[in-house]
Amino acid sequence: MQIRKTDLFTFIHKALRSIIYNAASNLQSANFTDEKEVENLLASLRHDLDLLHEHAVNEDNIIFPEIANNEPDMISELNDEHKALEEKLHKIKTQIEKTNLTADNEKRVELGSELNNLFNDFAASYLAHMNHEEATVLEASFKYLTDEELIAIRTRIQTQIPSERYKTWLHWMLKSLNNSELIGLLGGMKSSAPPQVFESVLNTAQAIVNNQRWTNIKLQIGI
């Protein structure tokens, strides 16, 4: 699909998919007999779940209301999916705490296996939900909202995110985009962002993107 206007979903959904894939990989390969490893894993998983929840809240409170008058049935269905995902997420958080409080190695391994199954179920639903959004509300946002309105929505979301949290989102997004997307994103920032902001994003990208890709990207955006 050719992106015609400001896209509120594709880039952030790529970041979310990377977060989910990374968490799933760490979880399924974890050694639940190692207390320190489990402690670090569960802390990381809590953080990742908070990011997923935060994104859904932004959609519920900022994006979906802008489409609801034109597509009430679509938004109602997506809201129902969000509620179902929140229930699954709550079960995972409950399982995390049970696992974290268990001192017995054998029991922790059992709980860890259950946690992995719960997360896999949640991840499958979350990934399918994002696909659904991209096939419905993304297209609706292009249809019903002007580019100025889309930019204003994106700005509302960005300005309420604390700076350290924003760096986390930026890390995952830069890590997840392909060359063309990075060139478009960084090229646009080069012409519109304050120099210090652009420099900070460049430094973050350079630390994430492998050297060969980064060399090509720099040539394309003229830096």
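The values are calculated or read from the model by the stated rules, or taken from the named source; none is laboratory data. Quantities reported herein were computed from a predicted structural model and do not represent experimental measurements. As a convention, Cβ positions derive from the backbone with ideal geometry for all residues, glycine included, and neighbour counts pool all protein chains shown. Just the protein is used for accessible areas: all its heavy atoms, side chains included, with ligands, DNA and RNA removed. Shrake-Rupley method; radii C 1.70, N 1.55, O 1.52, S 1.80 Å.
Please indicate, with yes or no, whether at least one residue in the stretch 157-166 is more than 28 Å from LYS5 (Cβ to Cβ) and among the basic types (Lys, Arg).
No, the stretch 157-166 contains no residue that is more than 28 Å from LYS5 (Cβ to Cβ) and among the basic types (Lys, Arg).
State whether the residues of the stretch 26-39 include one that is within 22 Å of LEU174 (Cβ to Cβ) and either charged (D, E, K, R) or open to solvent by 60 Å² or more (accessible area, probe 1.4 Å) (or both).
yes
Within the stretch 44-60, can one find any residue that is touching a Phe, Trp or Tyr at 6+ places or on another chain (Cβ under 6 Å), in a helix (DSSP H, G or I) and of a type outside the set (Ser, Thr, Tyr)?
no
Quick one: how many residues across the stretch 75-100 are open to solvent by less than 70 Å² (accessible area, probe 1.4 Å) and without any contact (Cβ under 8 Å) to a residue 12 or more places away in the chain?
Adding up the residues that qualify gives 2.
Pull out all pairs, ordered by first then second residue, where Cβ-Cβ is under 6 Å, the residues are six or more apart or on different chains, the first lies in the stretch 101-127 and is under 25 Å from LYS36 (Cα atoms), and the second is hydrophobic (A, V, I, L, M, F, W, C) and part of a loop (DSSP other than H, G, I, E, B).
Note: pairs meeting the criteria are ARG108/PHE32; VAL109/PHE32; GLY112/PHE32.
Considering each residue of the stretch 152-183, count those that are within 15 Å of LEU8 (Cα to Cα) and either free of Cβ contacts under 8 Å to residues at least 60 places away in the same chain or small (Gly, Ala, Ser) (or both), and give that number.
Final tally of qualifying residues: 5.
Find the residue count for the stretch 46-101, including only residues that are of a type outside the set (Asp, Glu), touching a helix residue (DSSP H, G or I) at 6+ places or on another chain (Cβ under 8 Å) and under 20 Å from LEU170 (Cβ atoms).
Residues that pass the stated criteria total 9.
If I go through the stretch 90-116 residue by residue, how many of them are over 25 Å from ALA15 (Cβ atoms) and in a helix (DSSP H, G or I)?
Number satisfying all stated conditions: 15.
Going through the stretch 6-27 one residue at a time, which ones are in a helix (DSSP H, G or I) and charged (D, E, K, R)?
Passing the criteria: LYS14, ARG17.
Please tell me if GLU71 is within 24 Å of ALA15 (Cβ to Cβ) and of a type in the set (D, E, K, R).
no
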